[in-house]
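Working notes, structure below.
FYI, it's all coordinate maths here, none of it is from the lab. Quick caveat, the model's predicted, so the values are computed rather than measured. Neighbour counts run over all protein chains shown; Cβ positions are idealised from the backbone, glycine included.
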Amino acid sequence: MMKKNNLRPVVVFIALACLIILVSCQQQTDNEEFQILVFSNISRETLTDMQADMKLELENVEIVLYPSVAERLMIEIVRHAGDILIMDRELLATAYDSKELHALDDFRDDSNTVALTDFEIVALEAADEEVNIEQIYPNAIHINYMEKYEVGSDPIELVAIIPKYTKNKEMAFSVLKGLVQE
């Protein structure tokens, strides 16, 4: 059995390690850029085409491309990063929380509505979540140009959400409008 004096260095080491981790993960709040985070395997060239579709004329816009990985998406959401999140359709269930996303009813029509899959309906019902009658994601929207964004010969189905933590709601809606209107 260890004595109390032998435990002290271990406790100090663990406390310092936790402190270092917390400080290194702390988000910088000085950055007031408008951020669009894209979680997909699209190419940089395709991302450039998407930027043109967004009709961005502002200098303080940062577009960051991440691989289509659910863990990275969750890290960025927890950090409250990104004013608009664009992702591959299969990641949407990972990030979706209707209470934490802005409604996109103003942009939704038949061509860009995101329908729930059978698997998603079963998962929501199992979690005692309410499944709406229309069986759609009311706070997510398809990007109309999805046939343009391809990896190889397979089209990528992209969807967008606007989290409530955004400080630039009006700009987020304006940029998203540029993406969904042809």
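Numbers below:
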quantity: Rounded to whole Hz, the Karplus (6.51, -1.76, 1.60) HN-Hα couplings of segment 6-11, x for glycine and proline; calculated: 6, 7, 4, x, 5, 5
quantity: ³J(HN,Hα), Karplus 6.51/-1.76/1.60, whole Hz, each residue of segment 96-103, x for Gly, Pro; calculated: 7, 8, 4, 6, 10, 10, 6, 5
quantity: Inter-label distance, nm, simple model (7 Å from Cα along the C-beta direction), Glu120/Arg72; calculated: 2.2
